[in-house]
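The values are calculated or read from the model by the stated rules, or taken from the named source; none is laboratory data. Just so you know, these numbers come straight off a predicted model, no measurement behind them. For neighbour counting, all protein chains shown are included, and Cβ atoms are generated from backbone atoms with ideal geometry for every residue, glycine included. Ligands, DNA and RNA are stripped out before the accessible areas are found, and what is left, the full protein with its side chains, is counted by its heavy atoms. Shrake-Rupley method; radii C 1.70, N 1.55, O 1.52, S 1.80 Å.
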Amino acid sequence: MFARVFGEEQIQMSIRLSILVLLLMTAGAFAQIRIGTIGGRITDQNGAVVAGAGVRLSASINGESLAVVTDATGGFVFNNVTFNRYTLKVEAPGFNTVTRTVTVNSNLPLELAISLNVVGTSEQVDIQSSGELIDADSPSSSTTLTAGIIQRAPRINRGRQLQELIATTPGMATENNGLVHIRGVDDGILYVLDGIPIVDRLDSVSASSFDTDTINSLQVITGNIPAEFGGRNAGVVIVQPRSGIDRNVYGVLRAGLADFRTRDIAAAFGGSFGKKFGIFANVATNGSDRFLDPVDPRNFNNRGGSANFSLRSDWHPTLRDTVLFNASGNGTDFRVPNDEVQEVFGQHQRQELRDKNFSASWQHLFSAETVGNAAAYYRRHESRLFGSEKDIPIFAEQDRAHSRAGVIASLTHQRGGHIIKTGIEASRIAPREYFRFYITDEDVAEDRDISEAALKFDDDDPFVFRDRRVRGQFSAYLQDQFSPLRNLTVMAGLRYDHSSLLVSDQQLSPRLGAVYFIPKTKTALRASFNRLYQPPQVDNLLLSSSALARSLSPFDDGHGEGGADIHPEKLSAWEAGFAQDIGGWIRLDAAGWWRNFRNVGDPNVFFNTTIIFPNSVTSGFSRGVDVRLDVPERRELPGWSGWLSYTNMRILQTGPINGGLFLSEEFIEIGPGTKFIPDQDQRNTGAFGIVYHHQRSGLLLSLTGRHESGVPLEVDADRLEELKSAPGAELVNFDRGRVKPRTIFNLSAGIDLFKSDKVATTVQLDIMNIANRGFAYNFGNPFEGTHFGYGRRWSGGLKIEFR
């Protein structure tokens, strides 16, 4: 009876949740919050406390810096410290300066006891900082973007600023509307906020991304992903949010204007209320007449705007407990850009996006060696597409939503040089979908190569799909970080994933990485092997997996090859690389990598709209080389810093294709065993930045740039000839079958207009694409369509901070 009412999957999910609750109650195994705490006490050589000493925590690797002053008992604490290698510097009048190197690689607190010697004593200071620019204990490929980089970034494209920041790191290829591909994986980014994994798409046409005004730092992991992370295969972006804890009450107002009637305004408020509670809130709104990347270079019907609210609180009820709470609500309204024909006929499609997110995390310190975490979360995403009376050649409308609710638990224990972590996650996913379309002009539809199967749907007999499901996911992991030999660090883990979206599948995923540090040359050699598992995106999954979608698929041969079933993406990832400290001035990181795929996730866009349907390709591989150069600011060259990222990669996939919703017959023949180059393949990508920042005046000068070699067209010969007369064809190299390469340079300048102990006012001017060179992200591609980039753009912003 229960199986008839609730369904077998729901019963299995309930059993898993029940097991989880029992584990929480009996074992005390508590989600891994990726932040640590550094605290301690400062005394003199006789053991007396030193009050008012300055304690500064800085990371030479990325320039991150924090500072506090010891209290009346000589104590100090740094909360919300991101995982990294730091230099701790203690200064007090009349005492020698002391430095110490500390590494935060778990959420176990570090307690330090530091003794200061009186100036002029003969006793030598025995605590020294090594000051390396590399993390000698990390076997992963990662890049950290600090608050300075984030807050100084251009603010023209507010809805995709996070993705633009991520794209400055190696391994990235970008496409329209903020879509980022990492090492051959289409989208596939796992965002982590206070230990809460976010697997849903976050981009301009899916759901609101994180507002960068709420972010303190970002860590982007692309190689050797620890076992605690799963559900997405491209990479991990750990978001460290801004917090009010340990800060006086402060507020920030921002306002900006740019071309295309672009405007944004934001306000933030935060601070501590007592020593145990802190809060940070942010509200922002923006709008533009060039909201998305247009499908015609003349930018037709492209108005939009968004509003965002977020709240984060820290509560430390006891010395052993930390409770974190995050909430956000976001909305986006925009028009769907038109091509020339649609503009002439007066088409005015529009879309609305809504999402809300809640999470709570609890961390409990059982002892100096053991810490547990428990968390719960709820997210809901909604999307509505509204057609118009003059839609051509297709009228379409949609109303869909999905929710995710889950619980996470983890336990970290340090013993004998081992840092052992174990954890579990269970979640419930509930998608609901309604979609309708019909042909409004058969002649224009035939000219656009709409298939005969799709042409039969008209106003009297439209294509209509409606469905809802409830499904579950479960995962568990165990990992250990240890040093079996001097200067050798090993991270070994095993992860289990089970999902039923909509195909029931599972995988055991070993994660193994090692790094060997050579102190003499300051070189870290690393290698890793990972198995990764990614369920298909939930947006429009019900329709993409349906018999109705199969009836329109050009890849369904009627014999089980090609069609509707979309299986999870599974891949094996190998990497070998090194990091080198060059004279304390430059950090060089390079890695060669190879990924083999089964069921490659590669979504397609529904006919010139912003609706994306998931599908999968039978197999594929990607391989490449990533290089990163970082030049942090130094005392010998104050104010100057820079970075450079470069990737050379190749991607190849093998058909057939499953899932999706295809209305066109313009695809190249992709049958079983057919090899083809996918739409996200870019052989060479690179980015750089040179920054000068004068601390006293706040003067900022920044020159950044990006190069991408161009994506393939992947259309048949007849369609290729038609594209040669399409608007924007001059941006395509038809001999190569790719859009032309693009190289973009950007300039930013800013200065503090006024600065006091209570108020600071800053202005910034940004100019993007200084040379005003037009470019196309893609062109006529049957998976992604056509989208054009921006010419020269400018923006100006004002920031007022109250403290």
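Which of these values of volume of the Cα convex hull per residue in Å³ was calculated from the structure shown: (1) 226; (2) 159; (3) 210?
Given (1) 226; (2) 159; (3) 210, the calculated one carries the label (2).
In deg cm²/dmol, rounded to 500, what helix-only [θ] at 222 nm does the chain give when every DSSP H run of at least 4 residues adds -39500 (n - 2.57) and the total is split over its residues?
Dividing the helical sum by the residues of the chain leaves -2000 deg cm²/dmol.
Using the scaling law 2.2 N^0.38 Å as the reference, what is the normalised Cα Rg of segment 606-735? Mind dumping the intermediate values first?
Details: Rg = 21.3 Å, N = 130, 2.2 N^0.38 = 14.0 Å.
Dividing the Cα Rg of segment 606-735 by 2.2 N^0.38 Å gives 1.52.
Can you tell me which aspartates and glutamates have their Cα less than 15 Å from the Cα of Lys275? Leave out same-chain residues fewer than eight positions away.
Within the straight-line cut-off, Lys275 pairs with Asp71, Asp246, Asp314, Asp321.
Rank Lys89, Lys421 by accessible area, highest first, at a 1.4 Å probe radius?
Details: Lys89 80, Lys421 10 Å².
So, going from the largest accessible area down, we get Lys89, Lys421.
Which GluC sites (Glu not before Pro) in segment 575-664 pass both tests, a DSSP loop state and at most 10 other beta-carbon atoms within 10 Å? Numbers along the way, then the final one.
Working: sites: Glu575, Glu633, Glu636; in loops: Glu633, Glu636.
In loop regions of segment 575-664 (DSSP not H, G, I, E or B), the sparsely surrounded GluC sites (Glu not before Pro) are Glu636.
Can you give the local net charge around Ile156? Use residues other than it whose beta-carbon is closer than 12 angstrom to its beta-carbon, Lys and Arg +1, Asp and Glu -1.
Numbers: positive: Arg155, Arg158, Arg160, Arg263, Arg290, Arg792, Arg793; negative: Glu164, Asp259, Asp264, Asp766.
For residues surrounding Ile156, the net value is +3.
Take each of the peptides 738-745, 411-418, average the number of other beta-carbon atoms within 10 Å over its residues, and list them starting from the highest. Walk me through the numbers before you get to the answer.
Numbers: 738-745: 18.6, 411-418: 14.5.
Top to bottom by mean Cβ count within 10 Å: 738-745, 411-418.
Is there a quick way to get the dipole size of segment 681-803? I mean about its Cα centre, with the Cβ of Lys and Arg at +1 and of Asp and Glu at -1; what is the value in debye to the nearest 20? It would help to have the intermediate numbers written out before the result.
Details: 16 positive and 14 negative charges, 149 e Å.
About 720 debye.
Collect residues whose amide H, placed 1.01 Å from N in the peptide plane, falls under 5 Å from the amide H of Asp716; neighbours closer than 5 in sequence don't count.
Ile668
Can you list the HN-Hα couplings for segment 786-803, worked out from phi with the Karplus curve (6.51, -1.76, 1.60; θ = phi - 60°), rounded to whole Hz and with x for Gly and Pro?
10, 8, 10, x, 9, x, 5, 10, 9, 8, x, x, 10, 10, 10, 10, 10, 9
Can you list which of the trypsin sites (Lys or Arg not before Pro) found in segment 258-315 are DSSP loop residues with at most 16 other C-beta atoms within 10 Å? List each step's numbers first, then the result.
Details: sites: Arg261, Arg263, Lys275, Lys276, Arg290, Arg298, Arg303, Arg312; in loops: Arg261, Lys275, Lys276, Arg290, Arg298, Arg303.
Within segment 258-315, the qualifying trypsin sites (Lys or Arg not before Pro) (loop, at most 16 other Cβ atoms within 10 Å) are Arg261, Lys275, Lys276, Arg298.
Among 155-167, 361-373, what's the highest-first ranking by average C-beta atoms within 10 angstrom per residue?
Working: 155-167: 23.1, 361-373: 18.5.
In decreasing order of mean packing, 155-167, 361-373 become 155-167, 361-373.
To the nearest 20 debye, what charge dipole does the chain have about its Cα centre, counting +1 at the Cβ of each Lys and Arg and -1 at the Cβ of each Asp and Glu?
Working: 82 positive and 91 negative charges, 684 e Å.
Around 3280 debye, computed over the chain.
Using a 1.4 Å probe on the protein heavy atoms, what percent of the accessible area of the chain belongs to carbon and sulfur? Let's see the in-between values first.
On the way: 18020 of 31760 Å².
Ligands and nucleic acids excluded, carbon and sulfur give 57 percent.
How much of the DSSP bridge set in the chain is antiparallel, in percent, rounded to the nearest 5?
Numbers: 328 of 341 bridges.
Here the share of antiparallel DSSP bridges comes out near 95 percent.
Counting only heavy atoms of the protein chains, get the accessible area per residue of the chain (1.4 Å probe) and round it to a whole Å² value.
On the way: 31760 Å² over 803 residues.
Ligands and nucleic acids excluded, the figure is 40 Å² per residue.
For segment 182-322, just say rounded, prolate or oblate: build the C-alpha gyration tensor, square-root its eigenvalues into a ≥ b ≥ c, call rounded for a/c under 1.5, and beyond that prolate if a/b exceeds b/c, oblate if not. Don't jump to the answer; show the numbers that get you there.
Details: a/c = 3.20, a/b = 1.25, b/c = 2.56.
Since a/c reaches 1.5 but b/c is at least a/b, the shape of segment 182-322 is classed as oblate.
Please give the Cα centre distance for segment 696-724 versus segment 42-91, rounded to the nearest Å.
After rounding, the separation between the Cα centres reads 45 Å.
What is the local net charge at Ala360, summed over the other residues whose Cβ is closer than 14 Å to its Cβ (Lys, Arg +1; Asp, Glu -1)? Intermediate results must be reported in sequence, preceding the final value.
Values: positive: Arg312, Arg379; negative: Asp194, Asp314, Asp321.
That works out to -1.
Which of rounded, prolate, oblate describes segment 118-266, given a ≥ b ≥ c as roots of the alpha-carbon gyration tensor eigenvalues and a/c under 1.5 marking rounded, otherwise prolate only if a/b is larger than b/c? Kindly include the intermediate steps, with their values, before the conclusion.
Working: a/c = 2.27, a/b = 1.36, b/c = 1.67.
Oblate, since a/c reaches 1.5 and b/c is not below a/b.
Taking square-rooted eigenvalues a ≥ b ≥ c of the alpha carbon gyration tensor, is segment 490-589 rounded, prolate or oblate, where a/c under 1.5 means rounded and, failing that, a/b exceeding b/c means prolate?
Prolate.
Quick one: Cα centre-to-centre distance for segment 438-507 and segment 329-383, in angstrom?
The distance from the Cα centre of segment 438-507 to that of segment 329-383 comes to 17 Å.
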